[in-house]
């Protein structure tokens, strides 16, 4: 039976909980934490979206990311410094395959979340310096090689101005977008021939967000999603619009 775990240790198990990779007694302890800790429930919600994205994402994490995970596992499994030449080797230590595998799948879920299943794309300021996102957005709007788009709501209440450069760097101004309630996020989507693809969450206090559009993007849309984003849109777009041709 698993000994009583601390709150920090239980939070470390949320990724495995999201993937249903805990022993029953560990899951019971995490259940108790979730009943009393709202921030843990929010973190679990985001990890569950990351786990769901494993079945939907079209992009693979870079090989270097998996190498980093493997290196961390090797360090965790290391039992000491290498013995001197000629020293008898100690008896092999019995490992716990289920716990090692659980750590790996939990790390994979956290990695998917970190690399942008619905990554945050909009935390910018309102400054007008040469390196500000707002200044880059204004320059992109003047670039004749860029693809501009004005996104509208179906009732005309909301709108957003966006532009995508030839290198697929994009900017979107959200000054005419609605505020979302607590526990919700605005999520930006690329509309492609194979369906919507998440670009990221539009968080922050600034007016302009910078993003990277998939190569097959033909339109952009913004939806109101649960905190942490969704692997696919859960409702009609707040605003949407077709990208113009360069």
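Read the figures in this text as sums done on the coordinates, not as results from a lab. The structure presented is a predicted model; accordingly, all values stated were derived computationally and were not measured. Here Cβ is always computed from backbone atoms with ideal geometry, including for glycine, and neighbour counts include all displayed protein chains.
Before moving on, here are some points about what is shown:
- Peptide ranges 133-142, 177-186 listed from the most packed, as the mean C-beta count within 10 angstrom indicates: 133-142, 177-186
- Shape class of the range 163-219 from the Cα gyration tensor (axes a ≥ b ≥ c, square roots of the eigenvalues): oblate, since a/c reaches 1.5 or more and a/b does not exceed b/c.
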